[in-house]
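I have placed the structure first, in the form of structure tokens, so that the comments after it can refer back to it.
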Amino acid sequence: MLPGTSLAAGTAAKAKPAVPFYGAHQAGIATPMQEYLQFAAFDVTGDSIAHLRKLMATWTRAAAAMSLGRQVGPVRTGSKPPADTGEAIGLGPAELTVTFGFGASLFTSNGKDRFGLARHRPAPLVDLPVFRGDQLQAGISGGDIGIQVCANDPQVAFHAMHDLIKLGSPVAVPKWLLAGFGRTGNSTVQPLPRNLMGFQDGTANIVVENPAALDAFVWAAEPGSPFWMRGGSYLVARRIQIALTRWDETSLDGQQKAIGREKLSGNVLPDVPKNSHIFLASPGRNNNQRLYRRGYSYVDGVVAGATAPAAGVMFICYNKDPREQFIPIQGNIADRDGLSAFLTHIGSSIFACPPGVTPGGFIGQELLG
Ligand code: HEM
């Protein structure tokens with residue numbers, strides 16, 4: 001039992017339950033979407049595989065504890081700083097999940113095999129191409145390790161990221177971080193969340209209750225992926241800014257044609273335009289390939305000189321092989337579908353998320369040894 005556990009014992013009865021951390025797959029992938037996101041990418045300093053191993057072991061232990069609503073270490077520390085920062089005490093697990101992924105730069109960076117891992121780089125962990133219309137910013141793209149934290153309480157999500165950053169220092173330095181929200185507080189009356197453009201999002205998505213679809217499109221398997229990725233998945237994250245002012249000034253008809261669905265009902269338009277988002281992203285136009293989308297909305301201040309928030313979608317999707325799924329689909333819609341006129345992709349990252357672990361193990365152990 002972790003030190004400091006007793007502080008969580010008084011957790012209110014109404015606290016939301018825990019999502020099991022341990023298992024064949026990492027939690028936070030085939031987990032029903034929580035309402036809040038904290039996503040950060042880290043760069044690993046130095047080139048010591050021992051440090052990397054220790055980092056992943058520490059993070060795994062902390063993630064397992066926090067998933068149960070526990071602290072990562074003692075808080076009653078007297079003359080020393082508390083080991084756990086404390087802001088989630090009493091909030092319960094709130095269905096927290098922490099999902100880890102390794103970026104391409106962990107395997108090779110500037111042609112250098114930093115940790116002796118280059119030969120284990122999975123073929124599907126490609127460097128994403130630059131798509132038409134991309135305006136990517138290096139500072140909010142990539143990273144050696146990505147961590148997706150999701151929870152049904154924003155402070156529980158923040159706490160997890162806060163303590164993971166603290167525990168990772170100085171070996172892992174946060175490169176970028178973004179907070180997101182999916183469903184709104186009244187989500188119990190919303191069959192599906194609406195994105196910031198006011199459209200239902202997720203209608204034609206893969207659902208986590210469909211293991212056959214998860215096997216076909218989400219879980220990595222040999223021979224396409226190496227043994228250490230078996231049961232893992234590839235996460236693509238794209239920070240996509242929405243030109244909200246322009247969108248808000250677009251007629252309902254124009255908005256619906258851009259998406260290909262009715263705004264209020266979410267139904268497919270009777271005569272779906274051939275350049276609509278759903279037409280060009282659909283499996284029928286993409287070699288029957290699908291994506292499991294698990295993104296969140298975000299707000300990040302205002303665009304300079306604009307009359308609307310700098311807001312958009314932290315698009316996150318999981319795929320078995322992005323070379324067959326995300327890349328061709330994005331290649332098909334980028335700057336071509338009706339929605340593209342309102343979107344700017346400003347951040348781009350890809351991470352190989354290893355499978356789950358059993359107690360005592362750590363995420364990525366089969367890779368790092
Ligand atoms: C700001 C960015 C985006 C917004 C606002 C958006 C919005 C939507 C909406 C409203 C739908 C229809 C409802 C649904 O089935 O979920 C949809 C469907 C879909 N989107 Fe997006 N999307 C965005 C970016 C992307 C990206 C980057 C991709 C992939 C590269 C993508 C792939 C898909 C797919 C595969 C579907 C389902 C198509 C079908 O089979 O009907 N979306 N999106």
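The values are calculated or read from the model by the stated rules, or taken from the named source; none is laboratory data. Every value quoted in this text rests on a predicted model; they were computed, and no experiment measured them. Methodologically, a virtual Cβ is constructed for each residue, glycine included, from the backbone with ideal geometry; neighbour enumeration extends over all protein chains shown. Please note that ligands, DNA and RNA were not included when accessible areas were found on the heavy atoms of the full protein model with its side chains. Shrake-Rupley method; radii C 1.70, N 1.55, O 1.52, S 1.80 Å.
Values as computed for the structure displayed
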{"quantity": "Filter pass, Asp271 being open to solvent by less than 60 Å² (accessible area, probe 1.4 Å) and more than 11 Å from the ligand (Cβ to nearest atom)", "calculated": "no"}
{"quantity": "Some residue of segment 117-126 being part of a loop (DSSP other than H, G, I, E, B), among the hydrophobic types (A, V, I, L, M, F, W, C), within 16 Å of the ligand (Cβ to nearest atom) and at negative phi", "calculated": "yes"}
{"quantity": "Check on Ala243, more than 17 Å from Ile278 (Cβ to Cβ), in contact with a helix residue (DSSP H, G or I) (Cβ under 7 Å, 6 or more places away or on another chain), open to solvent by less than 10 Å² (accessible area, probe 1.4 Å) and in contact (Cβ under 8 Å) with a residue 12 or more places away in the chain", "calculated": "no"}
{"quantity": "Selection count where residues are within 8 Å of the ligand (Cβ to nearest atom) and either surrounded by fewer than 19 Cβ atoms within 10 Å (Cβ to Cβ) or modelled with pLDDT under 95 (or both), scope segment 248-268", "calculated": "2"}
{"quantity": "Members of segment 30-43 found to be modelled with pLDDT of 95 or more and open to solvent by less than 10 Å² (accessible area, probe 1.4 Å), listed by number", "calculated": "Leu37, Phe39, Ala40, Ala41, Phe42"}
{"quantity": "Residue that is in contact with a strand residue (DSSP E or B) (Cβ under 8 Å, 6 or more places away or on another chain), open to solvent by 60 Å² or more (accessible area, probe 1.4 Å) and within 10 Å of the ligand (Cβ to nearest atom), where the choices are Arg238, Arg194", "calculated": "Arg194"}
{"quantity": "Leading residue by the ranking (nearest to the ligand (Cβ to nearest atom)) among those in segment 225-235 that are open to solvent by less than 20 Å² (accessible area, probe 1.4 Å) and not aliphatic (A, V, I, L, M)", "calculated": "Tyr234"}
{"quantity": "Among the candidates Gly312, Gly331, Gly284, Gly305, residue that is within 19 Å of Ala243 (Cβ to Cβ) and within 13 Å of the ligand (Cβ to nearest atom)", "calculated": "Gly312"}
{"quantity": "Residue within segment 137-157 that is among the hydrophobic types (A, V, I, L, M, F, W, C) and either under 20 Å from Gln330 (Cβ atoms) or within 12 Å of the ligand (Cβ to nearest atom) (or both) present", "calculated": "yes"}
{"quantity": "Residue match in segment 205-224 (condition: open to solvent by 20 Å² or more (accessible area, probe 1.4 Å), under 21 Å from Ala104 (Cβ atoms) and touching a Pro at 6+ places or on another chain (Cβ under 8 Å))", "calculated": "yes"}
